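Read the structure below first, then the notes.
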Amino acid sequence: MDPRGTKRGAGNLEVAEPRNKLPRPAPSLPTDPALYSGPFPFYRRPSELGCFSLDAQRQYHGDARALRYYSPPPTNGPGPNFDLRDGYPDRYQPRDEEIREGLDHLLRWLLEHQGQLEGGPGWLAGAIVTWRGHLTKLLTTPYERQEGWQFAASRFQGTLYLSEVETPAARAQRLARPPLLRELMYMGYKFEQYMCADKPGGSPDPSGEVNTNVAFCSVLRSRLGNHPLLFSGEVDCTDPQAPSTQPPACYVELKTSKEMHSPSQWRSFYRHKLLKWWAQSFLPGVPKVVAGFRNPEGFVCSLKTFPTMEMFENVRNDRDGWNPSVCMNFCAAFLSFAQNTVVQDDPRLIHLFSWEPSGPVTVSVHRDAPYAFLPMWYVEAMSQDLPSPPKTPSPRD
């Protein structure tokens with residue numbers, strides 16, 4: 001079945017509602033992979049609009065100061081032998097996950113650059129603004145069997161904003177995170193320290209502190225089907241030796257995974273972990289993932305490069321594998337569902353989209369706290385001297 005049928009089904013929701021009454025919740029959206037197996041939808045090659053950095057205190061800077069440079073060990077030398085446990089927990093400064101940032105950093109960038117967007121001033125009114133990580137979760141939804149999600153959506157000046165809400169289950173899991181899992185999270189960041197330098201041609205310095213407040217974020221423009229997208233995602237590093245120095249083609253994603261010793265372990269890796277790596281890297285146009293495989297003692301003994309556009313080949317003939325078309329068609333159907341559901345232009349009105357594995361996406365409607373996420377400073381700044389927004393989103397990119 002063509003997922004566009006979902007769009008048509010949702011198209012009759014655009015009814016005028018009294019201002020003082022909450023709109024009726026929309027019908028649900030199915031997530032069964034079989035419904036989304038049509039041809040791959042149009043996806044515009046992502047182009048970088050700009051970037052920003054977050055420093056060790058999580059303060060925003062509208063520049064590339066946090067960008068690091070890919071500096072792998074020589075290929076002809078001995079194996080990497082990186083000790084991923086080194087410095088844990090003494091040289092570890094994890095970000096405070098109790099602070100829910102929402103879209104705030106991206107909104108700050110948007111406020112600073114709204115006049116220079118390449119689509120012109122009207123482009124933003126028809127766009128969807130969100131984090132890359134939120135889109136990644138949508139892409140993998142048809143195949144996800146364990147973790148549900150919730151996204152809050154608001155329409156303001158024509159633009160649809162999507163921001164993740166931590167589910168009660170995710171919060172409980174985070175607060176009860178076992179020590180081993182906390183250490184594994186550290187090891188992922190530690191691997192980046194072994195593979196990145198602070199300047200082009202420099203050498204990595206793994207003796208410093210691992211501070212997960214620090215981040216370099218790329219801001220990108222794309223389009224999925226008829227949905228213009230403006231999204232931002234964290235970038236691990238840029239490769240000074242890349243064939244193209246034009247971002248995002250020069251960016252590299254770094255990952256760790258446990259060593260594998262049997263075909264069944266590789267098969268499971270390709271079905272589950274590689275799907276998430278593909279979704280995360282394909283969306284922003286990052287061309288490759290470099291993985292460090294660690295032994296039970298926490299040492300990286302081998303490196304392997306996975307080109308993003310070749311990842312699907314590992315599951316193409318696997319009956320229980322994933323299909324990029326299904327991922328992208330579902331994401332397009334969800335964005336249509338959201339666009340057709342959130343029709344009232346009001347930053348204080350929230351449609352909460354909720355999903356649990358094996359069920360459909362459902363919607364509930366809320367006003368103000370606790371789900372409202374567009375900050376007053378943003379709403380007020382964007383509202384100054386602007387014409388009234390269009391009544392319906394423009395499909396033009």
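Looking only at residues in region 259-293 that are touching a Leu at 6+ places or on another chain (Cβ under 6 Å) and of a type outside the set (Gly, Ala, Ser), which one is surrounded by the most Cβ atoms within 10 Å (Cβ to Cβ)?
Of all residues in region 259-293, those touching a Leu at 6+ places or on another chain (Cβ under 6 Å) come to 279, 283-284, 290, 292.
Next cut, of a type outside the set (Gly, Ala, Ser) only: 283-284, 290.
Values: Leu283: 27, Pro284: 25, Val290: 19.
Among those that are touching a Leu at 6+ places or on another chain (Cβ under 6 Å) and of a type outside the set (Gly, Ala, Ser), it is Leu283.
Residue check: Phe330 meets all listed conditions (1) over 28 Å from Gln157 (Cβ atoms); (2) part of a helix (DSSP H, G or I); (3) not β-branched (Val, Ile, Thr) but one, namely (1).
For every residue, the table says whether it meets (1) surrounded by fewer than 17 Cβ atoms within 10 Å (Cβ to Cβ); (2) among the polar types (S, T, N, Q); (3) over 30 Å from Cys331 (Cβ atoms).
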| site | (1), (2), (3) |
| --- | --- |
| Asp32 | yes, no, no |
| Ser37 | yes, yes, no |
| Tyr43 | no, no, no |
| Ser53 | no, yes, no |
| Gln57 | yes, yes, yes |
| Gly62 | yes, no, no |
| Gly77 | yes, no, yes |
| Leu84 | no, no, yes |
| Asp90 | yes, no, yes |
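Of the strands (runs of 3 or more DSSP E) contained entirely in region 184-294, those carrying at least 1 residues that are among the β-branched types (Val, Ile, Thr) fall at 215-224, 251-258, 288-294.
When residues in region 264-301 are screened for being under 17 Å from Leu84 (Cβ atoms), touching a residue at least 40 places away in the same chain (Cβ under 8 Å) and in contact with a Lys or Arg (Cβ under 7 Å, 6 or more places away or on another chain), 3 of them pass. Residues in region 154-161 include none that are under 20 Å from Pro284 (Cα atoms), open to solvent by 40 Å² or more (accessible area, probe 1.4 Å) and not in a helix (DSSP H, G or I).
The values are calculated or read from the model by the stated rules, or taken from the named source; none is laboratory data. For clarity, every value in this text was computed on a predicted model and none was experimentally measured. Neighbour counts run over all protein chains shown; Cβ positions are idealised from the backbone, glycine included. SASA here: full protein model, heavy atoms, side chains in, ligands and nucleic acids out. Shrake-Rupley method; radii C 1.70, N 1.55, O 1.52, S 1.80 Å.
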